[in-house]
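K.L.:
What follows is a single structure, and I will ask about it in a moment.
Coordinate-derived values only; no laboratory data. Small disclaimer: the values here were computed from a predicted structure and weren't measured. Cβ: placed from backbone, ideal geometry, glycine included. Neighbour counts: every protein chain shown.
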């Protein structure tokens, strides 16, 4: 509860920091606000309860999930040093939006009332529409922003209709209010069935799961890389925990009804995401289709609904966030030092010969790709293992075989940038500039990826 209140205040305060003559202070202060918010988050430790007229829930598990969101945001901001040095940039507005959208994400993982889910989702989404088109000189970014806004608005409308049907069925927006529907006849639950379908469609769009993924590649490619990293991590974590909260409570007694829909989404996400990623030359588009595939893997924790599902999903989210922040961080640095027609070159070829120019960047890129592909001794391996184990407990062995095959396919495209970085070809003539803050951010995320790969219980044990 405390970080929601605190970051709402500091988000507004950050807007006024734009009047400072020394803009260099804005980013460190924004990171400081996040660190303080992280500390305030633990004031609720061992003090579970409901707040704001029982519309938000706080528990130790949710505190850890919210901490994953805040740490992810802080790591992403750590990559932003030196990006907003020109006179035309407005860093205060960008960092204020990040803090305020983070509030929406925190609400999405702790809602107890569907109205709070809608409020949190809209706070998160509206800010992301702005961040996507924040580079006004980039026509691709302008196109991505309007496409994201229009398609996101339709998805929100679908979700809102599902929420209305939920209220029609249960007479309440509380996610525990459907207990009386468990024994009702089909005619009495028709609104409830419609609610499940429409709410699921709306949320699958937000997490870019197939077949509702069409916006993902264009938006990832068009948005500034720093904000793409933010979008890829924060939205995924918040969206999937929103799905988990709904399907483990409000919709849990209709498991046999909705599980087949999610299985279909898993198959499409793994197939479309991995196969399409193989043919991408743009690193950002490759990671976009990779995120579609990762959504499929994360859905395994939903169909494997059980006592360990929440912790498995939390571990996977943290692992994915660390690897994604690292991958986009390396791209941000490397593409910025190699321009084509005045724009950063974001194709995979930009990594050619990276190891010769910057061994550190090549190594952290390799670790992030290994983790995303699920190679042992990285956190990504355990993330997949935990969600697969949940699904296996429900008897989805055939689906696991398909997922393993798709994981093998993913190794091919994840190793494309790794091969390029260790090749003899080079597109870099000068030195690659790397600020101290960015360097330590990449090192920290890489160390955490390896540490959780060696000792996964450090996080799994407290989720």
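K.L.:
Counting every Cα pair in the chain, what percent are over 31 Å apart?
P.N.:
Here the long-distance tail beyond 31 Å is 38 percent of all Cα pairs in the chain.
K.L.:
Please rank 394, 425, 384, 416, fewest neighbouring Cβ atoms within 10 Å first, as an exposure proxy.
P.N.:
Listing 394, 425, 384, 416 from fewest to most nearby Cβ atoms yields 425, 394, 416, 384.
K.L.:
Further question: For the residues 256, 218, what sequence is obtained by ranking on other C-beta atoms within 10 Å, fewest first?
P.N.:
Ascending number of Cβ neighbours within 10 Å: 256, 218.
K.L.:
What number does the stretch 385-459 give for Rg over Rh if you use C-alpha atoms and the Kirkwood radius?
P.N.:
Value, to two decimals: 1.13.
K.L.:
For the stretch 267-322, what is the per residue volume of the convex hull drawn over the alpha-carbon atoms, in cubic angstrom?
P.N.:
58 Å³
K.L.:
How do 259, 350, 387 line up, fewest other C-beta atoms within 10 Å first?
P.N.:
Starting with the residue having the fewest Cβ neighbours, the order is 259, 350, 387.
K.L.:
What span do the alpha-carbon atoms of the stretch 179-281 cover on each of the three principal axes, reported in whole Å from largest to smallest?
P.N.:
Principal axes ranked by extent give 52, 25, 17 Å for the Cα atoms.
K.L.:
Using alpha-carbon positions, what is the distance between the centroids of the stretch 230-263 and the stretch 38-82, in Å?
P.N.:
Value for the Cα centre distance between the two parts: 20 Å.
K.L.:
If you don't mind, there's one more thing I want to ask. Tell me what the chain gives for mean residue ellipticity at 222 nm when only DSSP H runs of n ≥ 4 count, each as -39,500 (n - 2.57), the sum divided by the residue total, rounded to 500 deg cm²/dmol.
P.N.:
-22500 deg cm²/dmol
K.L.:
Tell me, what is the Rg over Rh of the stretch 297-385, with Rh the Kirkwood radius over Cα pairs?
P.N.:
1.12
K.L.:
Now a separate question. Along Cα→Cβ, 7 Å out, is where each label goes; now give me the distance between the ones at residue 172 and residue 432 in nm to one decimal.
P.N.:
5.5 nm
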